[in-house]
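S.K.: I'd like to ask some things about the structure below.
Coordinate-derived values only; no laboratory data. Small disclaimer: the values here were computed from a predicted structure and weren't measured. For neighbour counting, all protein chains shown are included, and Cβ atoms are generated from backbone atoms with ideal geometry for every residue, glycine included.
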């Protein structure tokens, strides 16, 4: 069996697990949970993805790996250390993109770190700590495909795959109305469709794509999504070289718990800080382990280049990007 299709087997196990968990949670309280209270009690329920190599992946032996998993464990264990209690038992819960706010509101999870982009609409429903990662929308194509090298190539009859309910899918709908967008239930389904030539490319955050590409080396390659020229999208000015979209990953929790959000942000800042005598932070170590040092170094160098429009290091607690005004479209481009 080819390695890429192991993700599909992993997903099948996840579906069975989440179905069982849903039956259990249906009998419990529908009140939102509080992470700090749950840590004190010795048991937490953490939401993540089950089918995203490099970020959140459930293995056949029921163990988990990925950057989101590492961040979640660091947050929970560090808060426990600060409280002076034992590290709590962690129960993982699969959290599909379209269900995250519902799972938090119904009290089925304490928090969710699952490639959860912080957006104004989501911030009205849940509270966010973070961001703990900044990433950008990109494309993944087959390694031998030379027909897609820029954003414009998507409008040439190409079939593009993304996930229903995800931010990248909404971005494509709004900004590339001419593309043939096909929405699947998971990114692993998109990867399989791409490998079987059912679609020409898949789009999501670069970090997710890097995880899949690293999981099955030699099969795929990543293509950046930048505007080739100054343009206007939905009456908003987009300058040449600007990323197609910027995603800020956050940790979602129930609303009206400011002390918990503040504590998680403090822990994330600690994770970003190298320990005494070290030049590498726990955050950098976890990220390199998740998607490979080569990809992490590429992103860091890109952000550090002269005139770069990219960011690499997140700023936990700074959500000013939610209120950042858009640049009006100049008359000559309207």
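S.K.: If you line up the long axis of helix 206-215 against the longest principal axis of the chain, both from Cα atoms, how many degrees apart are they, to the nearest 10?
M.R.: 80 degrees
S.K.: I would also like to ask the following. What value in Å³ per residue do you get for the convex hull of the alpha-carbon atoms in the chain?
M.R.: So the per-residue hull volume is 144 Å³.
S.K.: Treating the angle as unsigned and between 0 and 90°, give the value, to the nearest 10°, between the Cα long axis of helix 293-304 and the longest Cα principal axis of the chain.
M.R.: Taking Cα atoms only, the helix is inclined about 70 degrees.
S.K.: Could you list log10 I(q)/I(0) for the stretch 135-238 at q = 0.12 Å⁻¹, which the Debye formula gives when each Cα is one point scatterer?
M.R.: -0.35
S.K.: Just the ratio, please: alpha-carbon radius of gyration of the stretch 34-131 over 2.2 N^0.38 Å, N its number of residues.
M.R.: 1.04
S.K.: Could I ask something else about it? If r is the Cβ-Cβ distance from residue 41 to residue 152 and R0 is 56 Å, what FRET efficiency results, to the nearest 0.05?
M.R.: 0.55
S.K.: Shifting gears a bit: Measuring from label point to label point, each 7 Å out along Cα→Cβ, what is the residue 298 to residue 85 span in nm?
M.R.: 4.3 nm
S.K.: Ranked by Cβ crowding within 10 angstrom, fewest neighbours first, how are 45, 36, 208 ordered?
M.R.: By the 10 Å Cβ count, ascending, the order reads 36, 45, 208.
S.K.: Taking the stretch 49-99 on its own, what percent of its Cα-Cα pair distances exceed 12 Å?
M.R.: Here the long-distance tail beyond 12 Å is 67 percent of all Cα pairs in the stretch 49-99.
S.K.: Of the candidates 221, 255, 174, which one comes out as most mobile in a Gaussian network treatment of the chain with C-alpha springs shorter than 10 Å?
M.R.: 174
S.K.: Right, here's the next one. Based on the Cβ-Cβ distance from residue 326 to residue 63, what FRET efficiency comes out when R0 is 41 Å, to the nearest 0.05?
M.R.: Details: r = 43 Å, r/R0 = 1.05.
Calculated transfer efficiency: 0.40.
S.K.: Further, regarding this structure: Calculate the spin-label point distance for residue 98 paired with residue 312, positioning each point 7 Å from the Cα along the beta-carbon direction, and give it in nanometres.
M.R.: So the label points at residue 312 and residue 98 sit 3.8 nm apart.
S.K.: Additional query: First measure r as the distance between the Cβ atoms of residue 235 and residue 31, then evaluate 1/(1 + (r/R0)^6) with R0 = 45 Å and state the FRET efficiency to the nearest 0.05.
M.R.: Working: r = 42 Å, r/R0 = 0.93.
Computed FRET efficiency for residue 235 and residue 31 comes out at 0.60.
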